[in-house]
1. Pick out, from segment 263-358, the strands (runs of 3 or more DSSP E) lying fully within it that include 3 or more residues that are surrounded by fewer than 21 Cβ atoms within 10 Å (Cβ to Cβ).
2. Taking the criterion of being of a type in the set (D, E, K, R) and touching a helix residue (DSSP H, G or I) at 6+ places or on another chain (Cβ under 7 Å), would at least one residue in segment 274-285 satisfy it?
3. Looking at segment 266-304 only, could you name the residues that are in contact with a strand residue (DSSP E or B) (Cβ under 6 Å, 6 or more places away or on another chain), within 16 Å of the ligand (Cβ to nearest atom) and hydrophobic (A, V, I, L, M, F, W, C)?
4. List, please: which pairs have Cβ atoms under 9 Å, are six or more places apart or on different chains, and start with a residue in segment 249-269 that is within 15 Å of residue 310 (Cα to Cα) and end with one that is assigned to a loop (DSSP other than H, G, I, E, B) and hydroxyl-bearing (Ser, Thr, Tyr)?
5. Restricting to segment 267-284, give me the number of residues that are touching a Ser or Thr at 6+ places or on another chain (Cβ under 9 Å) and within 15 Å of residue 325 (Cα to Cα).
6. Here's a check for you: in segment 128-168, which residue that is without any contact (Cβ under 8 Å) to a residue 40 or more places away in the chain and within 13 Å of the ligand (Cβ to nearest atom) is surrounded by the most Cβ atoms within 10 Å (Cβ to Cβ)?
7. Within segment 197-228, track down each residue that is within 14 Å of the ligand (Cβ to nearest atom), of a type outside the set (S, T, N, Q) and in a strand (DSSP E or B).
8. Among the candidates 268, 357, 288, single out the residue that is closer than 23 Å to residue 211 by Cα, polar (S, T, N, Q) and in the same structural domain as residue 185 (by TED's automatic domain parsing).
Amino acid sequence: MDDLRDKYLGLIAGAADEAGLEDLRVQAVGKKGEISLKMRELGKMTPEERQTAGPALNALKDEINSALAAKKAGLADAALDERLRTEWLDVTLPGRGRGQGTLHPIAQVTEEVTAIFAELGFSVAEGPRIDTDWYNFDALNIPGHHPARAEMDTFYMHRAEGDNRPPHVLRTHTSPVQIRSMEKMGAPMRIICPGGVYRADYDQTHTPMFHQVEGLAIDKDLSMANLKWVLEEFVKAFFEVDGGVELRFRASHFPFTEPSAEVDIRCSWEDGTVKVGEGDDWLEILGSGMVHPKVLQAGGIDPTEWQGFAFGMGIDRIAMLKYGIPDLRAFFDSDLRWLRHYGFSALDVPTLHGGLSR
Ligand code: DAH
């Protein structure tokens, strides 16, 4: 028994890690361990022999178990010490600066527009950027031969040879979302649809992709008066000009509205920059009107029962106006210096009460 004790206490003291220690435990006091086997031999002994050998074996087993436990704790401590030695870090070092991104003015203005119209009871609807020419044109009362269709500088999707289905287009305006929303929600409804649109056009104020926000309200007894009030409220809130911004409604023509009006805001030009709300110039910001009965019909809504007003506004354009950005093309250049200068903090969520932009 002394030999066993010396052997295992020696081995335990020399164990290099927890796995080695576990092997030793199995070897000594495991089910088939050397000491367990010895204990089993107790049955073959005489009662006298057993009286001395039994307690001695139990004591040896206890001694080995506590040696194992003590060594295990020692190994864990040593491992922790080693980790602490190698994984140290100097908390007194200065922090490393992280570049913070900004919200693009288009994202910011979309949020601002959404916040204002949400307050007026409008919800946000979306539609696909690739749409059929039926949604983009025909359903909006722009038939195949209509000049508006040619004027839109439409991008047509490629069709495989022999595929004679009518073409898909990159939507040229957000107006097709009017039809999709009518189909989905029916009347009454109040929605805005912000999103990207496409036209083959490129200069200081035109890019092949730009953004619009469409508005559509359908109800009983809606008139141009409701349209005018909603737009006035919007412009007043959006441009954040004390005393409001004067609007001018000009009679116009769109195939999807009757009557139609274009809306200008009062502004001044000084040294190539615009100021909104003052001066003797006018700047067009949107098209609008009462929804044409054929358009309601295309969306599955009975025009003898319901009326609607609609408008379509360029998001990029009102962003340029509000934040004094002279060139539309810069919106899409991804120039970090420009983005840092004109970008907005992602944490300043625009609300009517908290302020739209800070
Ligand atoms: N869809 C027109 C465009 O892209 C804008 C527009 C005009 C939208 C009048 C409307 C509207 O909803 O009523 O130029």
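The values are calculated or read from the model by the stated rules, or taken from the named source; none is laboratory data. Just so we're clear, the structure is a prediction, and the values are computed from it rather than from any experiment. Note that we place each Cβ from the backbone using ideal geometry, even for glycine, and neighbour counts take in every protein chain shown.
1. Ranges flagged: 273-276, 281-291.
2. No, segment 274-285 has no match at all.
3. If the condition is that a residue be in contact with a strand residue (DSSP E or B) (Cβ under 6 Å, 6 or more places away or on another chain), within 16 Å of the ligand (Cβ to nearest atom) and hydrophobic (A, V, I, L, M, F, W, C), then 283, 285, 286, 290, 291 are the ones that fit.
4. Hits for this filter: 254/175; 256/175.
5. Summing the residues that are touching a Ser or Thr at 6+ places or on another chain (Cβ under 9 Å) and within 15 Å of residue 325 (Cα to Cα) in segment 267-284 gives 3.
6. 137
7. Passing the criteria: 197, 198, 206, 209, 210, 211, 213, 214, 215, 216, 217, 218.
8. 288
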